[in-house]
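All remarks here apply to the structure that follows.
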Amino acid sequence: MIFTAKKISGLETLGEKLRQHREKNGWSLEKAARLISTNVENVIKIENNDYVAMPPAVYATNILKNYAKILQLNPIMVVECYEKEKLLFDKTRQRGTKQKISRLYQAMNDFLNPRTLKYLIIISLSAAIVVYLGFEVNRIISPPMVEIFSPADDLTTENGQVTIAGQTEKEVSVQINDQPLLIDQDGRFTLTLNLQNGLNIVKISARKKHSKETVIHKKIMVEEPQAEL
């Protein structure tokens, strides 16, 4: 929000007086700015009593003194008028800020009454319960984690056997090629399989009681040993 000085009891503001004298001289904003060695924006801010956007007081005072001189006004009186209007503006602005803060506190007090707090607590607890239930349901139905330590992916070997070793979560049922497999208390499992020559595909599946299934396939190529020369 932009604060500007307003007329009080029908009196003209300093900015209005300066504008009237400038216009009597037939000067444009650009010419006035050039004569007092400032930019047009500063002249507009002064004539509009825009104390928020005006330069700092030291610079504004110098601009006003120069403006008063070219308009053949008393620089001292112009500066005094500026200081009085700015002081009134600052007090009005502070009063407005205090009123806004007061209204904000009042609104907060009205909002945070016992009845509202009761509803907020109920809503917060309900939201917490929903989040907790959602987390638990997701934990129950999510497929279990399974990590296979061996064999490596796309293994090629001349050995007719391979050891499947891995680890999963506790209380998970593991199957290798649809055959149930026991896991230890840490979720580790191991099984040695006999392989056939050619491509072997080993299916490793794991599932919790109500969860989706995790399935991993391992491809193992068994080659016939090469005859020694």
message: My understanding is that a pair violates if its Cα-Cα distance is over 21 Å; which of 24/84; 170/219; 24/91; 17/84; 31/86; 17/86 do that in this structure?
response: 24/84; 170/219; 24/91; 31/86
query: Per the Cauchy relation, a quarter of the hull surface: what is the mean projected area of the convex hull of the alpha carbons in segment 106-172, in nm²?
result: 8.6
statement: Summing -39500 (n - 2.57) over every DSSP H run of at least 4 in the chain, dividing by its residue total and rounding to the nearest 500, the 222 nm mean residue ellipticity is -15500 deg cm²/dmol
message: With the cut-off at 1.5 for a/c, could you classify segment 146-222 from its C-alpha gyration tensor as rounded, prolate or oblate?
response: prolate
Rounded, prolate or oblate (a/c below 1.5 giving rounded, otherwise prolate when a/b exceeds b/c) for the chain by Cα gyration tensor: prolate
message: Below 16 Å, Cα to Cα, which aspartates and glutamates can residue 118 reach? Residues fewer than 8 away in the same chain don't count.
response: 110
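A short reminder: the numbers here are calculations on the coordinates, not readings from a lab. Just so it is clear, the structure is predicted and the values come from calculations on it, not from any experiment.
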